[in-house]
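The values are calculated or read from the model by the stated rules, or taken from the named source; none is laboratory data. Since this is a predicted model, take the numbers as computed values, not measurements. Quick reminder, even Gly has a Cβ in these numbers, built from the backbone with ideal geometry, and neighbours come from all protein chains shown. With ligands, DNA and RNA removed, areas are computed over all heavy atoms of the protein, side chains included. Shrake-Rupley method; radii C 1.70, N 1.55, O 1.52, S 1.80 Å.
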Amino acid sequence: MLWIIFASLALLAAICLLLPLRSLRSDISGRTEGSVSILSDQLQEVRADAERGLITKEEARAALIEIKRRILSLERKSQHAEPARSARSSGIVVWATALMVPLAAGALYMQLGSPDLPSLAFAEREAERNQQVEITGLTERLLARLQSDPGGGPTEGWMLLGQTYMRMGRYRDAVSAMENVTERPDATSAILSQYAEAMIAVDDGIVTPAARKAIAAARDMDPSNPAATYYEAIALNQAGDSEAAHDLLTGRLGTATGPAPWMEAFIAQANRIGETLGRDLVSLATFAPTVNRDTPGPTAADLAASADMSEQDRSAFVRSMVTRLAERLQDEPNDLDGWMRLGNAYRVLGEMEKARAAYAAAERLTESLPSGDPRVQRIRQALTELRS
Amino acid sequence: MIPEIGQFALALALAIALVQSVLPILGASRGDLVWMRSARASALAQLVFIGIAFAALMRSFTVSDFTVRNVVENSHSLKPMLFKIAGTWGSHEGSLLLWVLILAAFGAGVALLGTNIPDALKARTLSVQAWISTGFLSFLLLTSNPFERVFPPPPDGNDLNPLLQDVGLAMHPPLLYFGYVGFSIVFSFAVAALIEGRVDAAWARWVRPWTLAAWMSLTAGIALGSWWAYYELGWGGWWFWDPVENVSFMPWLLGTALLHSAIVTEKRDAFKSWTILLAILTFSLSLLGTFIVRSGLLTSVHAFAVDPERGLYILGLLGLSIGGSLTLYAWRAPSMEGGGLFAPISREGGLLINNLLLVVATGTVLVGTLYPLFTEALADQKISVGPPFFNASFIPIMLPLLMIMAVGPFLSWKRADLKGVFQRLRFVALLSGLAALAVWYLTEGGPALAYLSIAIATWLLLATLREWATRIRLFDVPFAQAFRRARNLPRAAHGMTLAHAGLAVAVFGFVGSSAWKSEEIVFVQPGAEIAIAGFDVRFDGVEQLQGPNYTADRGTLVVMRDGAFITILYPERRSYPVAQSTTTESAIRSTLAGDLYASLAEPAAEGAAQSGAWTLRILYEPLVNFIWIGSALLVLGGGLSLSDRRLRVGAPRRSATLKPQATPAE
């Protein structure tokens, strides 16, 4: 439908551009004739004014002479004027523009437009609003329950409420929900950085001193917390220390092992700041080249290689891989994917105690992940299975 | 889907504008009629496609389609329908779309109605118009796309600035833009004339209706804007010499000069290059205004767009069009033939002084407007040039102008008899002096300048009426005959009388409301009485009200005079929760003699609202309504002049039938 309308508009434009071809054989309206007809009209006016006594006879006579003189001089000049002509080639140019205009407009539209997006009038969004009302109702019930809880409500409950408010764009409410738990002993680094994020959202992206305090607390607990690191960099940049902000971002990216969802935002921000400093652009490939290239661990290829070995050899091979991974993870405890692989490897080898420890280490790292990350689910599931 | 149609239509309009920029003007220089005539079709097509885009945006606003970013940022589902519609041009992007729409409307107007304009001139004019169009359409699409989408859409919009939720303001930008942008076509005519190398009486007459139309809209726009400031802002003034007001006032001053200088070009074939220069400068000031307002250089109520990238783009456009046209002028204008000669004392002489004074006045306003910007940019010093500067510099230029304005219409072309004119105006001069004396007797003091101004305004009003009476020989001949003469008078003559009288009426308003204004700012408890300008105002407390998208505190003021009940005033303070802001709704008792104006300021102190104590501001502004009446007369006069038969004459096809009559017999 949209494309049919576009085609009709383009056709209309083309037709408009072709219309002048009708005048191929008509006469041009000359400048001189136009001027003469206006001067003639002025002559009549002067006569009429004189008759009505609006101007005196002498004034009229002087004006008439002057106007007539102008008419005469115009007609003298006009004898040199060339008549207009329209060559056949001019028609070709007109046809060409009629073709080019829709094409050019189409090309421009492809740059700017979003043809796949529908229009959505407010009135058509009843269902969405009902859902919204439902969510609002649920959050209200959750809030009431948390408030009536004599123990002050569980920390996860308040954080869930805060996160829901954040998604609804009710930043101020999110801050007041999270405020209830940030002072608790079980407030993790992730909780504090989410709290800081909410405060920053309230102030339209400005990192206020209060938010900065929460960031500092979050970084004290876990210096690698990506969200806290990110907002610390934003704060530094807003305070005018762009150099430090850039270094902080790229520094944290440098310690990353393998691609992670937070890296995109880091890279975009680092480049924004880097541009003002005249630094080179960084890209995801710089920091997370390809998964596992220099992170040793039992990869699919390794396992395929082991398939050809004898039972004993295979077991020894896998063990050596696992030991190497475990050693590396002692040095780089923040590699979530590494811990998960290690946990899985121990499970395969039947060492349930070690597997549980590896998954537990992985779970600690998930606190800084968005709740929608599938890995969180996988780790929880593995831990449940291992405990049973 | 609808926003995408708007987007595509806008892209088509830009492509067509590009063709129109090149083809007709090339056709005019090659003498190719088909290419010249292509201007007509493309000018109309541009209007159609920009119109489609505008309608698409408006539809997105009326149905609150929050997939369009512009709608999200400038509307809200709960807003009254009128303001949803006005939201279309309430934002930066929307107002620029309106800008190009009006630009295209003037282009299409010339294409459609200018049947009497020769092909070559029309083709060149429309090409120049398309240059401006290309500049602004590309600006719109590349830096301020009104059809940018958001998906998924947010639940609701962020509201329009509630201060801008007012009927006066809803209509103010369209009218102001009509005037502002209307001068674009006059500019295009001027540049086309420079390229063609020919300016004469006929050119002046072809341009005149467009100048008049633009001037009328600008007058109406400025008057409405000032009316809005008076009623909505709650400051009790109608003109603040705010930069945003100034940038619309400068094109008006120069446009007025242009309107008058073009008369000399039309009637006497003189002032040619001056008229061209004025046409270029008038539109340049309009562009400057657009730049100042749209670049966010200023921070005032109007300047809601703050974005340096956009500012630089407009600055580029500004430099290109002003620099380019002035270079062209410097190159071509000297080759223009001089026109008719005239003595210093003549109609031409009078109009020359009028022009000089108007240009000096414009310069004064320009300096006062730009000086703070320069000091801020160069010396990093924020200063503000306020009413004292303008009152001290602008008014002394205007008073002589008003005096000469009264005399000008009495002067004949070429050389005039000033002594005779003054003899006819003796009685008028006497009455003006008496009027000033009478005002002095009636008022309790006031600045000497105010009495002088009253005398001059009376002089202008009476002399203008006297001139009209002379023309129809009122009182010299029987009334029926005078009436017949009035009917025979060209409409332009009536138009001039109305406009000049309108200005005199407005001057009464300016002077009355500034020199004899009374103001009381008081801290009141319910039951308190305030005496102002002969009225006794009793404060009966404040109550809370619930509006459609706001809550209001409404005060009740009982107005009495000499113990007799006059009226009750209800000033309000509204707060809009979604937009988190408050507005003042003043209550006004409006009469011809003056306005009693009350507004409610914040509760006097923290906790004072509980005890019912508020700060009230009460003003009495004598004659203030004369300003709007005078402005209406100005617009009406322009309209009457625009309807003059002569502006439709000059079709070359008719010249064949006219010529035999016109051929001199002597």
**OP:** Quickly run through segment B:438-470 and pick out the residues that are out of contact with any Phe, Trp or Tyr (no Cβ under 8 Å at 6 or more places or on another chain), farther than 17 Å from B:HIS500 by Cβ and in contact (Cβ under 8 Å) with a residue 12 or more places away in the chain.
**Re:** B:PRO447, B:LEU449, B:LEU452
Subject >> Given (1) closer than 13 Å to B:PHE508 by Cβ; (2) within 14 Å of chain A (Cβ to nearest Cβ), index of the condition B:ALA450 fails >> reply: (2)
Subject >> Residues within segment B:539-564 that are more than 39 Å from the chain's Cα centre (by Cα) and surrounded by 13 or more Cβ atoms within 10 Å (Cβ to Cβ), tallied >> reply: 2
Original post:
Within segment A:254-277, can you find the residues that are aliphatic (A, V, I, L, M), within 23 Å of A:LEU365 (Cα to Cα) and assigned to a helix (DSSP H, G or I)?
Top reply: A:MET263, A:ALA265, A:ILE267
**OP:** For segment A:12-41, enumerate the residues that are more than 7 Å from chain B (Cβ to nearest Cβ) and within 17 Å of B:ASP269 (Cα to Cα).
**Re:** A:THR32
Original post:
Got a sec? Which of B:THR67, B:THR115, B:THR88 is at pLDDT below 90, open to solvent by 20 Å² or more (accessible area, probe 1.4 Å) and farther than 19 Å from B:VAL22 by Cβ?
Top reply: B:THR115
Original post:
Can you tell me how many residues in segment B:20-35 are open to solvent by less than 10 Å² (accessible area, probe 1.4 Å) and either more than 7 Å from chain A (Cβ to nearest Cβ) or outside any helix (DSSP H, G or I) (or both)?
Top reply: 4
Original post:
Taking A:ILE135 and the conditions (1) among the β-branched types (Val, Ile, Thr); (2) surrounded by 14 or more Cβ atoms within 10 Å (Cβ to Cβ); (3) at pLDDT below 85, which numbered condition does it fall short on, given that it satisfies the others?
Top reply: (2)
**OP:** Taking B:SER188 as meeting all but one of (1) of a type in the set (S, T, N, Q); (2) open to solvent by 20 Å² or more (accessible area, probe 1.4 Å); (3) over 23 Å from B:ALA361 (Cβ atoms), write down the number of the exception.
**Re:** (2)
Original post:
How many residues does segment B:224-253 contain that are at pLDDT 90 or above and open to solvent by 10 Å² or more (accessible area, probe 1.4 Å)?
Top reply: 2
Original post:
Can you tell me which residues in segment B:255-271 are in a helix (DSSP H, G or I), away from chain A (no Cβ under 14 Å) and open to solvent by 10 Å² or more (accessible area, probe 1.4 Å)?
Top reply: B:THR256, B:LEU259, B:HIS260
Subject >> Selection from segment B:529-543 of residues that are free of Cβ contacts under 8 Å to residues at least 24 places away in the same chain and farther than 14 Å from B:LEU596 by Cβ >> reply: B:GLU529, B:ASP540, B:GLU543
**OP:** Within segment A:231-247, identify whether any single residue is of a type in the set (D, E, K, R) and either surrounded by 21 or more Cβ atoms within 10 Å (Cβ to Cβ) or under 26 Å from A:GLY151 (Cα atoms) (or both), and answer yes or no.
**Re:** yes
Original post:
Got a number for residues in segment A:192-203 being touching a residue at least 60 places away in the same chain (Cβ under 8 Å) and open to solvent by 10 Å² or more (accessible area, probe 1.4 Å)?
Top reply: 0
Subject >> helices (runs of 4 or more DSSP H) contained in segment A:1-114 and holding at least 1 residues modelled with pLDDT under 80 >> reply: A:31-52, A:57-78, A:88-112
**OP:** Just give me the residues in segment B:417-467 being of a type in the set (Ser, Thr, Tyr) and closer than 22 Å to B:LEU633 by Cβ, in sequence order.
**Re:** B:SER432, B:SER453, B:THR458, B:THR464
Subject >> Filtered residue count, segment B:470-529, keeping only those that are loosely packed, with under 15 Cβ neighbours inside 10 Å, among the aliphatic types (A, V, I, L, M) and in contact with a strand residue (DSSP E or B) (Cβ under 9 Å, 6 or more places away or on another chain) >> reply: 1
Original post:
Filtering segment A:165-208 down to residues that are among the hydroxyl-bearing types (Ser, Thr, Tyr), away from chain B (no Cβ under 14 Å) and part of a helix (DSSP H, G or I), which residue is nearest to A:LEU143 (Cα to Cα)?
Top reply: A:SER176
**OP:** Could you name every one of the strands (runs of 3 or more DSSP E) located completely within segment B:575-666 that has at least 1 residues being surrounded by fewer than 19 Cβ atoms within 10 Å (Cβ to Cβ) and at pLDDT below 75?
**Re:** B:581-585, B:594-603
Original post:
Does at least one position in segment B:367-387 carry a residue that is open to solvent by 60 Å² or more (accessible area, probe 1.4 Å) and touching a Lys or Arg at 6+ places or on another chain (Cβ under 9 Å)?
Top reply: yes
Subject >> Index of the failed condition, A:PRO115 passing every other in (1) under 22 Å from the mean Cα position of the chain (by Cα); (2) more than 10 Å from every other protein chain (Cβ to nearest Cβ) >> reply: (2)
Subject >> Residue that is in contact with a helix residue (DSSP H, G or I) (Cβ under 8 Å, 6 or more places away or on another chain), open to solvent by less than 10 Å² (accessible area, probe 1.4 Å), at the interface with chain A (Cβ under 9 Å from one of its Cβ atoms) and at pLDDT 90 or above, where the choices are B:ALA17, B:ALA108, B:ALA9 >> reply: B:ALA9
Original post:
Could you count how many residues in segment B:316-345 are surrounded by fewer than 17 Cβ atoms within 10 Å (Cβ to Cβ) and modelled with pLDDT of 90 or more?
Top reply: 9
**OP:** Please indicate, with yes or no, whether at least one residue in segment B:72-83 is within 11 Å of chain A (Cβ to nearest Cβ), under 25 Å from B:LEU103 (Cβ atoms) and not hydroxyl-bearing (Ser, Thr, Tyr).
**Re:** no
